[in-house]
Structures are given as C-alpha cells and as structure tokens.
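Data first, discussion second: the structure below is written as structure tokens.
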Amino acid sequence: MKKCLAVFLVTLLSATVLSGTPLIQKGERIVFIGDSITAFGNYPEGYISLVREFLKHNKIQVEIFPRGISAQTSREMSKRAAKDLADSKATWLVLFCGVNDVGLNRTYDEFTRNYTAILDAAAKAQCKVLLLTLSPHGEELNKERNDRIRKFNDFIRSKAVERKLPLAEVYAEMTKQLEVRKDVYGLKVTTDNIHLNGYGNRAFACAVLRAWKFEEAAIEQAVSRWNKRQIITPLINNFFRPTWLISIEDYEVLERAAKREKLSVEQFVKHELLQKVKQLREKENNQ
C-alpha cells in the first residue's frame, strides 16, 4: 500500500511539473526589491518591463511594485524590506540583493545575516519569494570579485533549498550570454560592467520567467518580440537614462559591421559618426 502511495505521489508531482503551470497567477502583487540594477530594470527597456510585457501578453494581470534603490546593499534592504512588503501588500517578493555588498567589500557574514533577515520578513508577511542569483561583477569572470559573487550565490542557492523557494539562475543566464557573445568586441551584456544592456535585461527576464515555470515556447516567443523592441543603447551615452535606443536585431547589424573592422560597436559608431561629420563639414566648406 505504501509503495503504491509513493508511486502515486511521484506520478502526481511529475504531472504537475510537466503541466507547466506557472507559479505566478492573475491578481497577484509583485514587489521587486534590489539596488540600481533593479531600479533600471523598471525602465521601458529594463528586465522588469520585459517581465511585465510577458505577463500582459499572456493575459496574466498583476500589479508590479519596483523597489530598486541605487547603491543599496543588503544592510539597507534588510532595514526596509518589511515596510516595502507592507506598503505594497505584496503576494510575491522578487529579491536581487548582494552585488553592492561585493563592490563595497561588505563581509560574507554581514551579507548572509541581512539576506536571512529579508527572508524572515517575507515569511512573517506570508509573502512568496523568488530568489535571484547575482549577476557577475564585471564581465571578466576570473576576477576576485566574481569569486565572491559565486560564494554569495552558493548561499542564495542554499536558502532556496532550505526554504523551498523558487530560484532564478541569473548568474547562469548571464554567463551563458557572455559565452555566446565572447567574440564580440567590447562589453557584451552590460553598459559599464555592472548595469545591463539589452542582452543582460533579456537574460534577467528569461531567468525570472523560467523560475516561475512558464513554458519555454512562450519564453522563446517573448524573446523574439523583445528582439524587435528598442531596448539597447547603440553608442556610449548616459546608461542611467539612455537618450535613444534601437532593437537588438538592428544592433546586430552594427555589431557585424564593427566585427569586420575589429572594433566594438561603440568604436564603430563613433568612427562612422566622425566620418559623417567630416563629410558634412567638407560639403559646407564647398558651398
């Protein structure tokens, strides 16, 4: 009898996984707590906006509360988490916390203590939690700061297992993109080695949606839509608020041309712009 029950439970659990039932449901309230990466994530080209677009496209009506504050570490987030949860009446917390702890050399012990306090606040508020592993601190993965990022990520993964929480593997998605784009000149997934370009925002959004158990086909369809949106900065300008954007498909036209010249896109666009200025100046002088 016990064996039959065990087989039934395994079959039931397998059916649940295979059904692809998303964890996020209509009417839920989602608060994103984090630092500047989360703050910028709510820009029209940011990963929170991509997640919002996905949910709307799939007719899942939710309320989203972005609570990203630039330069904050786990220390500041742990102090405000309970209030952010209460103010938003959130049913879900999406937590991205720790990159600035690494950048400001906060200790591992302090990070783990503060991170646990945030999870305790969510548990007290009876709020479901989606944990995000940290993105690389710079695109060179062999640097000491990324050793610390990986150590922090191991702790985040352990908390996901311990508390039975879903986990978005942001680090894996970002490193996968770094590998795919390894032959690209210049920065590949960020604007400044920390904050996200279109590829980075796309990777974050995919990690979140996969953790929420959306079907891969739906995510791939979303990626195709996002690739046509103006979500990437084609040359160096203010990454806090880019003055203009183009689609990834159009960006890749520039990228291929730049690669033929062994330049980054930024270098290529700057060169082409200066050449155009030179031509315009010569035209003016000849008039």
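Assorted remarks:
- A single entry from N146, N142 fulfils the requirement of being touching a Pro at 6+ places or on another chain (Cβ under 6 Å) and over 16 Å from F204 (Cα atoms): N146.
- Look at (1) buried (at least 21 other Cβ atoms within 10 Å of the Cβ); (2) out of contact with any strand residue (DSSP E or B) (no Cβ under 7 Å at 6 or more places or on another chain) and you find that L95 fails only one, number (2).
- The set of residues in the stretch 32-59 being in a loop (DSSP other than H, G, I, E, B), touching a Gly at 6+ places or on another chain (Cβ under 9 Å) and without any contact (Cβ under 8 Å) to a residue 40 or more places away in the chain consists of N42 alone.
- Residues in the stretch 143-195 that are of a type in the set (S, T, N, Q) and surrounded by 16 or more Cβ atoms within 10 Å (Cβ to Cβ): N146, N153, T175, Q177, T190, T191.
- For the stretch 161-186, the set of residues classified as of a type in the set (S, T, Y) and in contact (Cβ under 8 Å) with a residue 60 or more places away in the chain consists of Y185 only.
- For Q267, the conditions (1) surrounded by 12 or more Cβ atoms within 10 Å (Cβ to Cβ); (2) farther than 17 Å from G186 by Cβ all hold with the exception of (2).
- Residue selected from the stretch 19-28 under the condition modelled with pLDDT under 95 and small (G, A, S), by the criterion surrounded by the most Cβ atoms within 10 Å (Cβ to Cβ): G20
- Tallying residues that are within 20 Å of A218 (Cα to Cα), surrounded by fewer than 24 Cβ atoms within 10 Å (Cβ to Cβ) and not small (G, A, S) within the stretch 29-53 yields 3.
- Check on E53, at pLDDT below 95 and of a type in the set (D, E): no
- Per the listing S74, S36, S88, S78, the residue uniquely at pLDDT 95 or above, closer than 17 Å to L196 by Cβ and hydroxyl-bearing (S, T, Y) is S36.
- Unmet criterion (only one of (1) buried (at least 21 other Cβ atoms within 10 Å of the Cβ); (2) without any contact (Cβ under 8 Å) to a residue 40 or more places away in the chain) for M77: (2)
- Qualifying residue in the stretch 205-216 (condition: surrounded by fewer than 19 Cβ atoms within 10 Å (Cβ to Cβ), farther than 19 Å from I37 by Cβ and free of Cβ contacts under 8 Å to residues at least 60 places away in the same chain): yes
- Summed over the stretch 44-66, the residues that are closer than 22 Å to T190 by Cβ and in contact with a strand residue (DSSP E or B) (Cβ under 9 Å, 6 or more places away or on another chain) give a count of 10.
- Residue match in the stretch 144-161 (condition: modelled with pLDDT of 95 or more and on the phi > 0 side of the Ramachandran plot): no
- Scanning the stretch 199-250 for residues that are at pLDDT 95 or above, of a type outside the set (A, V, I, L, M) and outside any loop (DSSP other than H, G, I, E, B) yields a count of 16.
Conditions (1) farther than 17 Å from L165 by Cα; (2) touching a residue at least 60 places away in the same chain (Cβ under 8 Å), marked per residue:
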residue	(1), (2)
A81	yes, no
L95	no, yes
N105	yes, no
T112	no, no
I118	no, yes
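- Check on R150, basic (K, R), within 22 Å of F111 (Cβ to Cβ) and touching a residue at least 24 places away in the same chain (Cβ under 8 Å): no
The values are calculated or read from the model by the stated rules, or taken from the named source; none is laboratory data. Because the structure is a prediction, the values reported are computed rather than measured. Reconstructed Cβ throughout: ideal geometry from the backbone, glycine too, with neighbour counts over all protein chains shown.
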